[in-house]
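Here the structure comes first, spelled out in structure tokens, and everything after it is commentary.
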């Protein structure tokens, strides 16, 4: 229960054996628990994962379990979308790592509790195709592409327990995000005020560190709606799907942004990992792969679900590619600039 505090069994245990809310918030006996709850949130913010603790005694295990409750309360008190996503991602990653070392039958039980329809038959693990698609962590990479899966009577065969743990991790992330923020009152806000202030300060520092720089010579008004929306999502602290990251990176590189500038833009994403992001950018831009990729054409963007709010120019019959949109807008802007200069 301490390792998987999101399970119904853990909640039921605390209802029967745990402290009251007043005790948890005010009693000196739970001061360590409140401190660990705060650290849990800060670890998620700074490291993108929850640190493992030695859980030798029953007391240690109870503190660990209760720290999860405190962490959720603190995240709810702050109610910052970036922090909420970062926290949900971190809890899910930690649980996913733990699950991958468990017996597959236990992982299947956890997956079922997370709402996944899992079927275990003759040692073969299968998951309903809808749940596979919804919770697919890397839908564009070959091992995860739906067209490459072994589909049997509406169920996708998962070749090993690690894949089941990974799908469960994604489902848990969605679950936690959907549950937060939980309602909080003035009593809760006042009792945790010092912790809330400390975390808020850390959130702002994190955002300032990764605050995207101006796009410089590239004017946002020249960009097609799809790219403007993807940039807005990144700047708002949302995690883009792999298809969105690929398209945006390839597009920005094609119109003259450096790898460092693209890197700075993605640095505000909740799941930002500097080494992984740099590798992906350098692969897409050709520094590693030797191939400079261009963004997908409009029809492909639509099939990926990353075409947003077409404008009049998008709807022109000849408008088939985001780069074509940009070049038309850029050419028009330059003509207007020359006209203004003459006048």
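Tabulated data for the structure shown
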quantity	calculated
Computed helical MRE - 222 nm, the chain, DSSP H runs ≥ 4 contributing -39500 (n - 2.57), nearest 500	-18500 deg cm²/dmol
Mean projection area, nm², convex hull over Cα of segment 87-245	13.3 nm²
Zone of residue 121's modelled label, taken as backbone nitrogen in segment 141-175 under 14 Å from a point 7 Å along Cα→Cβ	151-158
Rg to Rh, two decimals, where segment 243-295 supplies the alpha carbon set and Rh follows Kirkwood	0.92
Sequence of 40, 166 once ranked by neighbouring C-beta atoms within 10 Å, starting from the fewest	166, 40
Angle in degrees between helix 193-209 and the longest Cα principal axis of the chain, rounded to the nearest 10	30 degrees
Whole-angstrom Cα spans of segment 220-342 along principal axes, big to small	47, 33, 31
Highest-MSF residue in the chain out of 115, 312, 286 [GNM, Cα springs under 10 Å]	312
The chain - Rg over Rh from alpha carbon coordinates, Kirkwood radius	1.04
Taking only Cα atoms of segment 98-174, radius of gyration then Dmax in Å	11.1, 30
Segment 98-174, relative contact order in percent, only Cα pairs under 8 angstrom and at least six apart counted	36 percent
When the convex hull of its Cα atoms is projected in every direction, mean area for segment 1-45 (nm²)	3.5 nm²
Pair residue 201, residue 276: separation of 7 Å Cα→Cβ label points (nm)	3.0 nm
Cα-projected label distance for residue 190 with residue 311, points at 7 Å along beta-carbon direction, nm	5.1 nm
Folded to 0 to 90 degrees: helix 81-99 orientation relative to the chain principal axis, Cα	60 degrees
Exposure proxy order (Cβ contacts within 10 Å, fewest to most) of 182, 285, 221	221, 182, 285
Contour excess over end-to-end distance, with Cα ends at residue 232 and residue 59 and 0.36 nm allotted per residue	57.7 nm
Fewest-first sequence of 245, 152 by Cβ atoms within 10 Å of each Cβ	152, 245
Hydrodynamic radius (Kirkwood) for segment 54-126, which is based on Cα pairs only, to one decimal in Å	14.6 Å
Taking segment 1-71 and dividing mean pair separation by its residue count, relative contact order in percent (alpha carbons under 8 Å, at least six apart)	39 percent
Angle between the chain longest axis and helix 31-47 axis [Cα atoms, degrees, rounded to 10]	20 degrees
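Each value in this text was obtained by applying a stated rule to the coordinates, not by laboratory testing. These numbers were taken from a predicted model, which means no experiment stands behind them. Backbone-built Cβ (ideal geometry, glycine too); neighbour counts: all protein chains shown.
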